[in-house]
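The values are calculated or read from the model by the stated rules, or taken from the named source; none is laboratory data. Just so it is clear, the structure is predicted and the values come from calculations on it, not from any experiment. Cβ placement follows ideal geometry from the backbone for every residue including glycine, while neighbour counts extend to all protein chains displayed.
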Amino acid sequence: MGVRLERLDAERCMVDLPYRWRSQNPFRSIYFAAQCAAAELSTGLPAWVAVQGQAEPVSMLVTHVEAAFLKKANQQLRFTCEAVQEIGRAVRDAASTGEAQTLRVLSTGRLPDGTEAAQVWVTWSFRAKKPS
């Protein structure tokens, strides 16, 4: 699909989803599944970074996805997740307490002019891995 990481820092994660033949449906807009994939990536990259930073192994799993498509996506979309701090906290809590943590995170897809085209909520589960 050509999804590309634009920014990942302590505040937010942004990924770009281009409007081209790989992401386009027959109705001349971006497939809903491509939008969900880009949203998952924008929430999953901060989670993956947080998991990699733990001394104890932590697993991460998407348990639920909800989406609202507000505007026809017939141009590039930028999906932004601004819950990087909350994601890191949930991963640290899972590692330190040994108890599973569930977090529902919003990723917003915007057209180049800033118009909100999609809202995707991704629910993540973080769990400390048990030694075998």
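For residues that are among the aromatic types (Phe, Trp, Tyr) and touching a Gly at 6+ places or on another chain (Cβ under 7 Å), tally how many sit in segment 58-104.
Count: 1.
Can you tell me which residue within segment 96-127, out of those that are at pLDDT below 95 and of a type in the set (Gly, Ala, Ser), is farthest from residue 60 (Cα to Cα)?
The selected residue is 96.
Could you check segment 96-110 and list, in sequence order, the residues that are surrounded by 22 or more Cβ atoms within 10 Å (Cβ to Cβ) and of a type in the set (A, V, I, L, M, F, W, C)?
105, the sole residue that qualifies.
Regarding residue 118, is this residue in contact with a helix residue (DSSP H, G or I) (Cβ under 9 Å, 6 or more places away or on another chain), within 18 Å of residue 16 (Cβ to Cβ) and assigned to a loop (DSSP other than H, G, I, E, B)? I'd like the intermediate steps shown before the answer.
Working: in contact with a helix residue (DSSP H, G or I) (Cβ under 9 Å, 6 or more places away or on another chain): yes; within 18 Å of residue 16 (Cβ to Cβ): yes; assigned to a loop (DSSP other than H, G, I, E, B): no.
No, not satisfied.
Select from segment 86-127 the residues that are among the basic types (Lys, Arg) and over 14 Å from residue 42 (Cα atoms) and list them in ascending order.
Taking segment 86-127 and keeping what is among the basic types (Lys, Arg), we get 89, 92, 104, 110, 127.
Result: 89, 92, 127.
If you scan segment 97-112, which residues turn out to be in a strand (DSSP E or B), in contact (Cβ under 8 Å) with a residue 24 or more places away in the chain and not hydroxyl-bearing (Ser, Thr, Tyr)? It would help to see each step written out before you state the result.
Step one: of segment 97-112, the residues in a strand (DSSP E or B) are 101-110.
Then drop every residue that is not in contact (Cβ under 8 Å) with a residue 24 or more places away in the chain, which leaves 101-102, 104-110.
Of everything in segment 97-112, those that are in a strand (DSSP E or B), in contact (Cβ under 8 Å) with a residue 24 or more places away in the chain and not hydroxyl-bearing (Ser, Thr, Tyr) turn out to be 101, 104, 105, 106, 109, 110.
Go through segment 1-41 residue by residue and tally those that are touching a Gly at 6+ places or on another chain (Cβ under 9 Å), surrounded by 14 or more Cβ atoms within 10 Å (Cβ to Cβ) and outside any strand (DSSP E or B).
Of the residues in segment 1-41, 5 are touching a Gly at 6+ places or on another chain (Cβ under 9 Å), surrounded by 14 or more Cβ atoms within 10 Å (Cβ to Cβ) and outside any strand (DSSP E or B).
Scan segment 43-57 and tell me whether some residue there is surrounded by fewer than 19 Cβ atoms within 10 Å (Cβ to Cβ), outside any helix (DSSP H, G or I) and either touching a Gly at 6+ places or on another chain (Cβ under 7 Å) or polar (S, T, N, Q) (or both).
yes
Could you list, in sequence order, all residues of segment 58-80 that are farther than 18 Å from residue 15 by Cβ and surrounded by 18 or more Cβ atoms within 10 Å (Cβ to Cβ)?
58
On the given criteria, is residue 83 under 14 Å from residue 45 (Cα atoms), touching a residue at least 24 places away in the same chain (Cβ under 8 Å) and crowded, with 17+ Cβ neighbours inside 10 Å? Before the answer, list the steps.
Numbers: under 14 Å from residue 45 (Cα atoms): yes; touching a residue at least 24 places away in the same chain (Cβ under 8 Å): yes; crowded, with 17+ Cβ neighbours inside 10 Å: yes.
When the stated conditions are applied, residue 83 passes them.
Working only within segment 111-129, note down all residues that are surrounded by 15 or more Cβ atoms within 10 Å (Cβ to Cβ) and out of contact with any Phe, Trp or Tyr (no Cβ under 8 Å at 6 or more places or on another chain).
111, 119, 121, 122, 123, 124, 125, 126, 127, 128 - these are the residues of segment 111-129 that are surrounded by 15 or more Cβ atoms within 10 Å (Cβ to Cβ) and out of contact with any Phe, Trp or Tyr (no Cβ under 8 Å at 6 or more places or on another chain).
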